[in-house]
1. When a/c reaches 1.5 or more, the comparison of a/b and b/c decides; with that in mind, is segment 190-386 rounded, prolate or oblate per its Cα gyration tensor?
2. Using amide H atoms built in the peptide plane, which far-off residues or other-chain residues are under 5 Å from Arg697 H to H?
3. For Leu413, which sequence-distant residues (separation of 5 or more, or a different chain) have an amide H within less than 5 Å of its own amide H, given hydrogens modelled in the peptide plane?
4. Using the Cα atoms as the points, what is the convex hull volume per residue of the chain in Å³?
5. Determine, for each peptide in 164-170, 645-651, the mean count of other beta carbons within 10 angstrom over its residues, then list the peptides with the highest first.
6. How large, in percent, is the carbon and sulfur part of the accessible surface of segment 113-183 at a probe radius of 1.4 Å?
7. Quick check on segment 155-227: what are the equivalent-ellipsoid semi-axes from the Cα gyration tensor, as sqrt(5λ), descending, whole Å?
8. So how far apart, in nm, are the two label points at Asp449 and Gln495 if each is 7 Å from Cα heading toward Cβ?
Amino acid sequence: MSMFADIAFPISSYTVFTYAVPDKFREDVGIGSRVTVLLGKRNTTGIIVSFPQKPIFSGEIKEIISLVDPYPVLDKFLWRLIKWMSKYYFSPIGQTAKAVLPAQLSLNYTPPKKWAVEITKKHNMSNLGREFRSAPSQKLLLDFLIQKNSSVTVASLKHLASNPLNVCRGLEEKGLVSLTKVESIPDSGSFTFEPIEKQISFSRSQQTILDELIPQISGKKYISNLLHGVTGSGKTEIYIELVRKCVEKNMSAILLLPEISLTPQIAGRFYAVFGDKVALWHSKMTSGIRVWTWKKICQEQCNIVIGARSAVFTPVKNLGLIIVDEEQESAYKQESPAPRYHARDVALMRGKINKAVVVLSSATPSLESYYNKDYKKHVYLSLPERFGGAYYPKVSLVDMKEEKDETGKSDQLLSGLLLKKIHKRLNLNEQVILLQNRRGYAPVMRCLDCGFMLECPHCKLPLTYHKTGLTMRCHCCRFVNRKISEECPDCKGTQLGLFGTGTQKVEEYLTEVFPKANIARIDTDTVKGGRSLTSQLKKFAEKKLDILIGTQMIGKGLDFEDVTLVGIINADTGLYLPDFRAGERMFQLIYQAAGRAGRHKKPGEVVIQSYQPDNPVIKYAANLELKQYYNIAMGERKILHYPPFSWMCRVIISGKSLERVDSASWKIKNEFPIPFSGLKILGPAPCYRGKVGSKYRHQIILKSLKEQDPNGEKLHHYLRKYFSQKKLAKTASVQIQLDINPISML
Ligand code: ADP
Ligand code: ZN
């Protein structure tokens with residue numbers, strides 16, 4: 001009997017196509033196998049999603065041309081996860097599979113090989129003095145290798161000889177060294193600190209947490225936990241202990257980190273304990289390294305994965321534990337392209353599918369998780385004190401409206417208090433972290449004569465002035481203007497003024513005020529390649545830097561002994577964005593940033609600058625009063641029917657013609673089935689970012705009250721009824737996207 005396979009492709013279409021499986025592949029194909037077939041006129045890689053008894057398609061059925069991978073790239077658990085995601089997030093199965101699998105898996109990447117060299121036994125016997133009279137560089141190299149007494153890469157000998165390979169070959173001819181080609185671990189060193197060894201003895205409260213979690217790990221049962229531990233309470237050490245237990249039981253573990261800036265330090269700790277069992281997985285990896293890592297994980301050579309949101313998909317075998325660090329972070333949400341998934345929610349589902357333990361962890365949990373703990377969805381574990389008796393920092397809140405310089409000018413960048421405190425800390429040879437959550441130099445440039453604002457020609461949002469590289473950039477659509485206007489495009493006035501503050505301006509100002517201090521800036525502009533991120537953080541750890549300025553990238557997770565002062569330059573940034581989570585986010589950012597100070601023996605302090613020191617978000621964050629703030633925020637969410645009290649879906653309608661976007665939006669709204677009780681529909685209305693690049697954007701918001709729809713199924717069915725696969729397929733003029741449990745409302 002002939003065998004058929006339905007195949008999905010990584011395109012935004014829901015259709016699957018049927019192909020015949022030639023006899024020679026019968027034994028090797030399975031669901032989740034990747035194959036090459038002819039699609040239209042082109043050879044295309046697709047993924048087998050099912051084996052139908054007979055094809056529905058009545059035309060000519062083509063044969064599978066070849067298998068892409070010689071080993072399984074997915075197991076049945078991952079395949080179930082993909083299917084769940086595809087359904088839950090309304091994204092085509094092929095496109096969902098594409099989000100899970102590394103793009104170039106089929107390239108058959110082999111890691112680069114490097115020459116390695118090692119001394120042989122013979123060197124003891126040779127009479128070095130005479131043999132080397134005419135070859136001083138051979139002597140130099142040999143001495144070095146004798147001292148090393150282990151294999152080193154030839155490339156690392158460049159400081160001893162201009163062409164070390166030639167010199168080594170000379171030594172090899174004399175039988176003194178042996179040269180071999182080894183597979184080099186691709187570039188792992190550039191995202192991690194040297195292994196960081198520590199003597200650990202757990203505090204009583206840490207031990208209580210471990211006593212609860214460790215027995216869970218052997219259970220082969222899905223349990224979700226919320227670990228709520230204040231900053232500096234030693235959560236990272238708890239992760240390490242849990243992973244150790246996992247590995248002892250021959251199970252693997254995944255640790256998700258929200259931000260690449262957290263990777264080097266935590267990876268350093270993990271490498272010290274687990275060595276090359278650890279694989280890193282993040283956005284800055286090249287596709288070659290990605291493929292290599294995927295294979296290592298498939299072949300079970302690495303069973304601990306540390307990485308960004310997509311690490312939740314890595315094909316570890318026998319998964320025992322997933323930890324989601326800083327689970328409240330919006331970076332866990334994939335915004336584009338589809339599937340618009342949330343790695344925390346996917347982690348919970350993967351835990352369920354694999355019968356593994358999930359630990360959501362944070363000093364400032366999301367309101368969703370905080371709410372879920374009250375409904376016993378998670379085991380709630382709390383670590384209310386800092387480790388080792390370290391104190392909470394002392395916080396001062398500065399009202400920037402009162403700050404004026406000697407001439408009476410307001411609008412100061414740094415308050416007198418913060419300046420004084422930085423001076424003091426520098427004199428004590430301690431370190432300072434300054435947070436300004438905006439990159440670039442100044443977010444607005446305006447004509448001082450007519451008030452005209454320079455804006456992005458596509459998005460109509462203000463262009464940010466970047467002093468490094470001298471450009472004007474749109475932070476929304478990435479438009480770059482490489483020529484800075486010298487006159488107002490509107491009135492031709494020549495007085496253009498810069499308004500607002502970005503990290504570059506803070507850096508420039510500090511360099512002037514503290515000329516002797518070593519200052520570095522970390523934001524997405526300075527750490528494009530990732531390598532410089534690690535080297536800057538390393539320098540900071542080694543105290544070669546005094547002040548670190550940065551965006552939210554440096555606001556959380558970092559642990560430096562000598563940081564005793566944290567300054568938040570403008571706590572108001574982002575507070576008034578039209579997004580119901582704006583307050584929650586600001587609170588978490590301030591609370592976390594404050595948590596970088598005084599984590600060890602030396603007590604720390606925090607200065608928060610704000611123009612609205614009476615705003616509850618700022619006030620409670622400054623007092624580190626989490627419960628109080630969360631209660632207020634919960635109250636507001638409840639009244640307004642926002643998550644966590646409802647399930648939400650955002651329908652985004654976009655296209656190049658405003659008219660068509662508008663009419664398509666109303667058509668959708670008018671065609672919706674009759675709402676069920678507890679469902680609220682808002683819009684259509686233009687998004688806050690009403691135009692991004694060349695596309696206009698409208699949105700419709702659906703909220704389904706949890707009281708009537710406890711697990712969101714009613715909303716899901718309702719959406720499924722209306723948004724058929726055909727409706728979601730992109731047409732030439734208008735695209736409809738569903739964002740399930742949206743995070744950004746902009
Ligand atoms: P958190 O992640 O909760 O903010 P960390 O895990 O970074 O806190 O811990 C803060 C500091 O205390 C780190 O330097 C960590 O190594 C140290 N620490 C935490 N627990 C222990 C322990 N049991 N023994 C020794 N040092 C610890
Ligand atoms: Zn733009």
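1. Values: a/c = 1.38, a/b = 1.17, b/c = 1.18.
Rounded, because the longest to shortest axis ratio a/c is under 1.5.
2. Residues meeting the amide H criterion: Cys687, Lys691, Val692.
3. Counting only residues 5 or more places away or on other chains, the set is empty.
4. Values: hull volume 165.4 nm³, N = 746.
Measuring per residue, one finds 222 Å³ for the Cα hull of the chain.
5. Working: 164-170: 17.9, 645-651: 21.7.
Going by the mean number of other Cβ atoms within 10 Å, highest first, we get 645-651, 164-170.
6. Details: 2220 of 4460 Å².
Summing carbon and sulfur atoms, their accessible area is 50 percent of the total for segment 113-183.
7. On the way: eigenvalues 511, 52, 33 Å².
Listed largest to smallest, the semi-axes of segment 155-227 are 51, 16, 13 Å.
8. Distance between label points: 1.0 nm.
The values are calculated or read from the model by the stated rules, or taken from the named source; none is laboratory data. Since this is a predicted model, take the numbers as computed values, not measurements. Using ideal geometry, Cβ is built from the backbone for each residue, glycine included, and neighbour counts are taken over all protein chains shown. All accessible areas refer to the heavy atoms of the entire protein, side chains included, with ligands and DNA or RNA removed. Shrake-Rupley method; radii C 1.70, N 1.55, O 1.52, S 1.80 Å.
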